[in-house]
Amino acid sequence: MKRFGSTLAGIVLMTLVCTALTPAVGFGQANKIIVDGSTTVGPIAKAFAEYYMSKNPGVNITVSESGSGNGAKSLINGTCDIADMSRFMKDEEFKAAVEKGIFPVATVVAVDGIAVIVHPSCPIQNLTVDNIRDVYTGKITNWKELGGPNVAIVLISRDTNSGTYESFENLVLNKQKISDRAEYVGSNGAIRERVQSTPAAIGYVGLGFVDKTVKALKVNGIMPDNSTVTSGTYPIARPLFMFTNGYPKMGSRLYTFLNLYLTPKGQEIIQAIGFVPVTKY
Amino acid sequence: MQDQLVISKGARRFRRLGALLGHALIVALASSSIVALLFIFYFIVRDAVPFFRLEGFKEFFCSTHWYPSREPAEFGALSIFVGSALVTLGASIVAVPLGVLAALCLSDILPFALRQVVKPIIEMLAAIPSVVYGFFALVVLAPLIQAHGGSVLAAGAWMVLAPIGLVAVAVGGDAASARLPRRMRTSGRIVSWVILAGIAAGALVVLTGALNRLVVSTGTNALNVSIVLGIMALPTIVSVSEDALNSVGRELREGSYALGATRAETLLKVVVPAARSGILAAVILGVMRAVGETMLVWMASGNSARIPSPWFNFLEPVRTLTATIAGDMGEADQVTGSARYHVLFAMALCLLAFAFVMNVVSEYVMRRSRKMRG
């Protein structure tokens, strides 16, 4: 009986300690902006934050890159001020947000072309969207079928958790099933890393992540670059969003930060990272 | 007698209360891990049950179609279970023989001074964060396996099979010559050694030649992850089994030597059997480390939800339970409570059940071996 009593006391004590340790977290202070979401939009937000904080000392902006889905989740849960997203919000996310009293407002800060990349040694220059779909759905499994060498294609895809995957699925796969041979990696940088070290690989990344170590293919005969992406002739392009809870109060820190993309400096930043700005100064 | 030591009744009561409080605090601290475990178990079961209610058991355990983001979604996790099993098997093949032999070497063969240096170095492997292992596997090992996969495998085969072959040749030669009459024995032994060594070397050359021609299309595969996971599990296996071997004690060893046993006989017939339960515990701990590792497999296993063909083909990418949980958590919205969210908890429950079974088995084996020893 005595032992039971002390065990009970112990459990009660434990619970008390646990309750006391639960952190009280507050968000949305005036001088603090929390940005979360897409790894594709993340670099823009990071560069904006760096520039903004250098101009406005005392303002603290944190940028996390946890994927579009996580960004939406954070906005819905009220744990971030801006959700970076490389796709539009889904119906269920909107519904969940409105039910929680959050009203997501989209701002298109830049446009991104999804470049299909291969190893620099790959002889192929051009693929059609249909070719790419056949490759990713597993109908074409060898480079030979596309006019290349006789090697099995290594498919690299972003994880199904990413906005890039979802855009690719919508723009290219046409809702068909991706092949079960596809390898999944967690970031644009990791795709580039895998493609530059694998001669037989094909992958897709945001235009901003294409560099000299990989080769971007023409799609339907059109090279992905700023002009083809903004004009809409390059077929695999998508707008990049920043979602806020309602439109920020004009003149507030959040407002000026969000609208950096409209300034010449913002355009310069977006171009420097490799995305396509919506403004032309 | 006792009353003389107590100043007053009040003080006695106070002291008893203090003792009770102290007791309660210690029990609370001791029970905290049990409470935490119960909490984890409760929450995982609570979130796993809705999945089975929504989707049933058959598809989850029997289908290989893993398309959680499609409409309608498919949740066939069989290939993911196979992937986890394959990677664990591979890691055990790498880590268990190496780890147990290294422990034996540390406890009984290396001189004391050298052991003091080597053991901390091995244990340092445990201090490296798994993301660093993952980075190594992705950036160094994957391109290496891709470019020279066959040669790497061939070198590995030489490293493993050459010593084994040498021992087998020596033992086989002795066994073959033992039947000969005494005066022919020495020459017979040499002849059979040469013949057997020739056969073994020939077989090894043929095997490595075949391995050398092997083309590896992708470096992020089960082999890559098995090797690195094996290295990650090594410190656990080495240090726990080394402790077990050390705790066998001098008396048994000296008793064995006193009976005229050689060092090899002492090690294999006395020390290892006496430490068997500890070694088994070490192996199980190491295997659990391999099953539970997430970051490395997410980065370097390729994550294709597909059963390799044939199933033991370590050169194909695989997807594991832990990597799936980590990778799919972001999109799996708990707000709407979809099947896509709950399926991850169903996987977590399976991992937990596996860990539980492993623990029960190890407990059972240890108890039985203790009973056998009396």
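Throughout, read-outs are computed from the coordinates displayed, never taken from laboratory work. Treat the numbers as computed from the prediction; the structure is a model and nothing was measured. Note that each Cβ is placed from the backbone with ideal geometry, even for glycine, and that neighbours are counted across all protein chains shown.
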Practice item. Give the percent of DSSP beta bridges with both residues in the protein assembly as shown that are antiparallel, rounded to the nearest 5. Key: 65
Review point. Projected onto the charge dipole of the protein assembly as shown (+1 at Lys/Arg Cβ, -1 at Asp/Glu Cβ, origin at the Cα centre), which of A:Val41, A:Ile191, B:Val240 gives the Cα projection farthest towards the positive end?
Key: B:Val240
Check your understanding: Can you give the average number of partner chain beta-carbon atoms within 10 Å of each beta-carbon in peptide B:40-51, as a whole number?
Key -> 0
Check your understanding: Which loop trypsin sites (Lys or Arg not before Pro) in the stretch A:22-111, with loop taken from DSSP, have no more than 15 other Cβ atoms within 10 angstrom of their Cβ?
Key -> A:Lys100
Practice item. Specify the residue with the greatest mean-square fluctuation among B:Leu267, B:Leu280, B:Leu252, computed from a Gaussian network of chain B linking alpha-carbon atoms under 10 Å apart. Key: B:Leu252
Practice item. For the stretch B:89-95, take each phi angle, set θ = phi - 60°, evaluate the Karplus expression 6.51 cos²θ - 1.76 cosθ + 1.60, and give the result in whole Hz per residue in order, putting x for glycine and proline. Key: 4, x, 5, 5, 4, 6, 8
Review point. If you count, for each residue, the other Cβ atoms within 10 Å and average over each peptide, how do B:142-149, B:221-228 line up from highest to lowest?
Key: B:221-228, B:142-149
Review point. Chain B: Rg/Rh from Cα coordinates, Kirkwood Rh?
Key: 1.09
Study note, to complete from the structure: For the stretch B:315-322, Karplus-derived ³J(HN,Hα) couplings (6.51, -1.76, 1.60; θ = phi - 60°; whole Hz; x for glycine and proline) come out as 8, 9, x, 9, 10, 10, 4, 5
Practice item. Would you mind pulling out the separation of the Cα centroids of the stretch B:277-295 and the stretch A:52-88, in Å? Key: 39
Exercise for review: Provide the net charge surrounding B:Phe75, with neighbours chosen by a C-beta distance below 12 Å and charges set as Lys +1, Arg +1, Asp -1, Glu -1.
Suggested key: -1
**Study point:** Reachable aspartates and glutamates from A:Lys73, criterion Cα separation under 12 angstrom, eight or more residues apart if same chain
**Key:** A:Asp36, A:Asp81, A:Asp84, A:Glu92, A:Glu93, B:Glu331, B:Asp333
Practice item. Evaluate the charge dipole of the stretch A:112-231 about its Cα centre and quote only its size in Debye, nearest 20, assuming +1 on the Cβ of each Lys and Arg and -1 on the Cβ of each Asp and Glu. Key: 220
Check your understanding: By DSSP, what percent of the beta bridges with both residues in the stretch A:112-231 are antiparallel, rounded to the nearest 5?
Key -> 55
Check your understanding: Under a straight-distance cross-link criterion of Cα-Cα below 18 Å, which lysines are reachable from A:Lys280, leaving out those fewer than 8 residues away in the same chain?
Key -> A:Lys265
Check your understanding: Cross-link partners among aspartates and glutamates for B:Lys119, C-alpha distance below 17 Å, same-chain residues fewer than 8 apart left out?
Key -> B:Asp108, B:Glu242, B:Asp243
Review point. When only Cα pairs under 8 Å and 6 or more residues apart are kept, what is the percent relative contact order across chain A?
Key: 24
Point to revise | For A:Asn142, residues with placed amide H under 5 Å, excluding near neighbours | key: A:Ile153
Practice item. Check the stretch A:112-231 and count each lysine pair with an alpha-carbon distance under 20 angstrom, considering only pairs eight or more places apart or from different chains. Key: 4
Check your understanding: Can you give me the relative contact order of the stretch A:112-231 as a percent, contacts being Cα pairs under 8 Å and 6 or more apart?
Key -> 44
Practice item. Could you tell me whether the stretch B:81-217 comes out rounded, prolate or oblate from its Cα gyration tensor? Rule is a ≥ b ≥ c as square roots of the eigenvalues, rounded for a/c under 1.5, then prolate if a/b exceeds b/c, otherwise oblate. Key: oblate
Point to revise | 3J(HN,Hα) from dihedral phi, the stretch A:233-247, Karplus parametrisation 6.51/-1.76/1.60, rounded to Hz, x for glycine, proline | key: 7, 6, x, 9, 10, 8, x, 10, 10, 10, 9, 10, 7, x, 7
Practice item. For peptide B:67-80, compute the average count of partner chain beta-carbon atoms within 10 Å of each residue's beta-carbon. Key: 2
Check your understanding: In debye, nearest 20: dipole of chain B around its Cα centre with unit charges on the Cβ of K, R (+) and D, E (-)?
Key -> 1620
Revision key, fill the gap. GNM on chain A, Cα springs under 10 Å; top mean-square fluctuation among A:Phe94, A:Phe241, A:Phe168 goes to A:Phe94
Study note, to complete from the structure: Between A:Ser64 and residues 5 or more places away or on another chain, the pairs with built amide H atoms under 5 Å apart involve A:Val35, A:Asp36, A:Gly37
Practice item. Pull up all non-local amide H partners of A:Ala201: gap of 5 or more, or a different chain, and H-to-H distance under 5 Å with H placed in the peptide plane. Key: A:His119, A:Val154
**Study point:** Spin-label zone in the stretch B:191-231 - amide nitrogen under 19 Å from a point set 7 Å from the Cα of B:Val139 along the C-beta vector
**Key:** B:219-221, B:224-225, B:228-229
Practice item. Counting only chymotrypsin sites (Phe, Trp or Tyr not before Pro) that are in a DSSP loop and have at most 13 other C-beta atoms within 10 Å, tell me the longest site-free stretch of chain B. Key: B:58-310
Exercise for review: Write down the Kirkwood hydrodynamic radius of the protein assembly as shown, to one decimal in angstroms, obtained as one divided by the mean of 1/r over all alpha carbon pairs.
Suggested key: 29.2
Review point. Roughly how many debye, to the nearest 20, is the charge dipole of the protein assembly as shown about its Cα centre, given +1 on each Lys and Arg Cβ, -1 on each Asp and Glu Cβ, and no other charges?
Key: 2180
Revision key, fill the gap. Once the dipole of chain B is set up from charges on Cβ (+1 Lys and Arg, -1 Asp and Glu), the residue from the list B:Ser79, B:Ala300, B:Pro163 lying farthest towards its positive end is B:Pro163
Review point. How big is the gap, in Å, between the Cα center of the stretch B:35-56 and the Cα center of the stretch A:220-281?
Key: 43
Exercise for review: Would you please state the base-10 log of I(q)/I(0) at q = 0.20, 0.23 1/Å for the stretch A:112-231, with intensities from the Debye formula using one equal scatterer on every alpha carbon?
Suggested key: -1.14, -1.60
Check your understanding: Between rounded, prolate and oblate, where does chain A land on the alpha carbon gyration tensor, with a ≥ b ≥ c its root eigenvalues, rounded for a/c under 1.5, else prolate if a/b exceeds b/c?
Key -> oblate
